[in-house]
Amino acid sequence: MSWETVVGLEVHVQLKTRSKIFCACPTTFGDPPNTNVCPVCLGLPGALPVPNREVLRLAVRAALALGFAVERDTSVFARKNYFYPDLPKGYQITQFDRPLALLGSLEILSPERGRVAIGITRLHLEEDAGKSFHDRVPGMTAVDFNRSGVPLVEIVSEPDLRSPAEARAYLVALKQVLEYAEVSDCNMEEGSLRVDANLSVRRPGAALGTKQEVKNMNSFATVERALILLRDRQIATLESNAPVALTTFSAATGELRAMRTKEESHDYRYFPEPDLTPVSVSQAGIDVVAERNRLPELPAAKRLRLARDYGLSDYDAAVLSGTRALAEYYEVVVGSGAQPKVAANWVLGSVLADANEHQGRFRVLPARLHELIRMVEQGTVSHQAAKRVFGEIAEQDAPPANVAQRLGLVQIGDAGQLDGWITTVLQSHPGEVRRYRQGEAKLLAFFMGAVMKESGGRADPKRVQSVLRERLSGQAADR
Ligand SMILES: [Zn+2]
């Protein structure tokens, strides 16, 4: 009998504001340690938090993009009490029983189940903690409070995911939506998007099993790998008739390392934050309807529209809608008259490969790509030659026709010249000519290759083929 895997994800996303959530310190990443700090984010006695309105606006925007209704006008900040060196106040300001938004949803492309809607339990605001550096000096831990008070939203999914691969697909889709909505840069190397994952296994239809958690991962590959390890361990445990222990793991080194078990699990003693009044979206002057109207077309809608309007496969449409910039580039190329499928092949091939090697920049202007596509259609250059031209104009912008000319890549379709090359080839292969005429039609490819070689690759293959057919079918003096 098989096992069913159940995964839920908690994702912490840094909102793109210039200053922190409760003080005016900058959120800049990579500044010297402990330079972007003040009494508020250091938790000094008597310092009072002042909410940043832009944090609330971006959080509302994130919630709307993730299908939350945001009907709750008022949410409440709470203190989550625990002791850790990177938390100078001894508590984190977060939201507990009255979060900003409840019940959202995200459509993902599951490798196993196709398109599925994954429920999102809640989205709430909180402040980030500082960052600990262990063993920079052996045996010592250092703390940088620049990150203390950086604004986060925590997005908690329902246990709707059914495999490690689906968890990854959810994270990809979530990151896309947040990037489209421009609420976070989602820079994972800088820790702007961090994931806690929990997993349990059960017999299909049975009640949920005991879940185990892996904390604080900042790469989707790590999440997927950790969940695979966790799933396989749990199945092995249950098949040996042992119980699964309630354990929390870290996956920092690529392996699972147990951090704490049930006995040591925390009681955070949440209570409403006495230094902050409840948060009212309307009283902060945020117009939810206007924010919703200002959202761009989101990835799922764009994917459907690209597939429908341009006759693309679901896969191609999904890759093209991966970022707003890529989809926009594609639509400019098609808008200038390129055939949609041909344009998609170019954008998903040469354009994307080049952009990935150059920090996501599109170095060939869409209009230039369209010119190049037209040159291939008209037989001026071969597809292979066009790829070389693309490489050249990526380095230095120029009209593709000039570049093809300069590199000697323009195909020759002139009847006189083609005839010359074809005559030479047919005269030097009388045996093959005879066999072709006796019915060995596959020799056409051999002649094509020989003529292309004779022309130094410059002959227009379409015309060569038609002239060859004509000459070989005639009883001309080629034998
Ligand atoms: Zn501060």
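The values are calculated or read from the model by the stated rules, or taken from the named source; none is laboratory data. Remember, predicted model here, so these are calculated numbers, not experimental data. Here the Cβ is made from the backbone with ideal geometry for all residues, glycine too, and neighbour counts use every protein chain on show.
Results, tabulated for the structure shown:
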| item | result |
| --- | --- |
| Matching residues, the range 407-431, being buried (at least 18 other Cβ atoms within 10 Å of the Cβ) and either among the aromatic types (F, W, Y) or at pLDDT 90 or above (or both) | W421, I422, V425, L426 |
| Residue match in the range 219-228 (condition: part of a loop (DSSP other than H, G, I, E, B) and either in the same structural domain as Y82 (by TED's automatic domain parsing) or modelled with pLDDT of 90 or more (or both)) | yes |
| So V332, is it touching a Pro at 6+ places or on another chain (Cβ under 7 Å) and either over 30 Å from D73 (Cβ atoms) or not hydroxyl-bearing (S, T, Y) (or both) | yes |
| Single residue of T94, T121 found to be over 17 Å from V7 (Cα atoms) and in a strand (DSSP E or B) | T94 |
| Residues located in the range 26-72, provided they are more than 10 Å from the ligand (Cβ to nearest atom), more than 25 Å from L174 (Cβ to Cβ) and polar (S, T, N, Q) | N34, T35 |
| Qualifying residue in the range 268-277 (condition: in a helix (DSSP H, G or I) and in contact with a strand residue (DSSP E or B) (Cβ under 8 Å, 6 or more places away or on another chain)) | no |
| Residues satisfying the stated conditions in the range 278-320, i.e. in contact with a strand residue (DSSP E or B) (Cβ under 8 Å, 6 or more places away or on another chain), surrounded by fewer than 19 Cβ atoms within 10 Å (Cβ to Cβ) and part of a helix (DSSP H, G or I) | D314 |
| Residues of the range 305-316 that turn out to be modelled with pLDDT under 95 and hydrophobic (A, V, I, L, M, F, W, C), as a count | 0 |
| Search result, residues across the range 1-25 that are part of a loop (DSSP other than H, G, I, E, B) and either within 16 Å of the ligand (Cβ to nearest atom) or farther than 30 Å from E239 by Cβ (or both) | L15, K16, T17, R18, K20, I21, F22, C23, A24, C25 |
| Matching residues in the range 341-353 - criterion: being more than 17 Å from the chain's Cα centre (by Cα) and either buried (at least 17 other Cβ atoms within 10 Å of the Cβ) or aromatic (F, W, Y) (or both) | A343, A344, W346, S350 |
| Residues satisfying the stated conditions in the range 128-167, i.e. of a type in the set (K, R), surrounded by fewer than 18 Cβ atoms within 10 Å (Cβ to Cβ) and in contact with an Asp or Glu (Cβ under 9 Å, 6 or more places away or on another chain) | K131, R162 |
| The one condition in (1) within 16 Å of the ligand (Cβ to nearest atom); (2) touching a Lys or Arg at 6+ places or on another chain (Cβ under 8 Å); (3) within 26 Å of A63 (Cβ to Cβ) that L193 fails to fulfil | (1) |
| From V156, V201, V150, residue being in contact with a Ser or Thr (Cβ under 6 Å, 6 or more places away or on another chain) and within 16 Å of the ligand (Cβ to nearest atom) | V150 |
| Selection status of L102, more than 18 Å from E273 (Cα to Cα) and either more than 16 Å from the ligand (Cβ to nearest atom) or not assigned by TED's automatic domain parsing to the domain that holds N34 (or both) | yes |
| Looking only at the range 39-56, and only at residues there that are of a type outside the set (A, V, I, L, M) and touching a Gly at 6+ places or on another chain (Cβ under 9 Å), the one that is surrounded by the most Cβ atoms within 10 Å (Cβ to Cβ) | C41 |
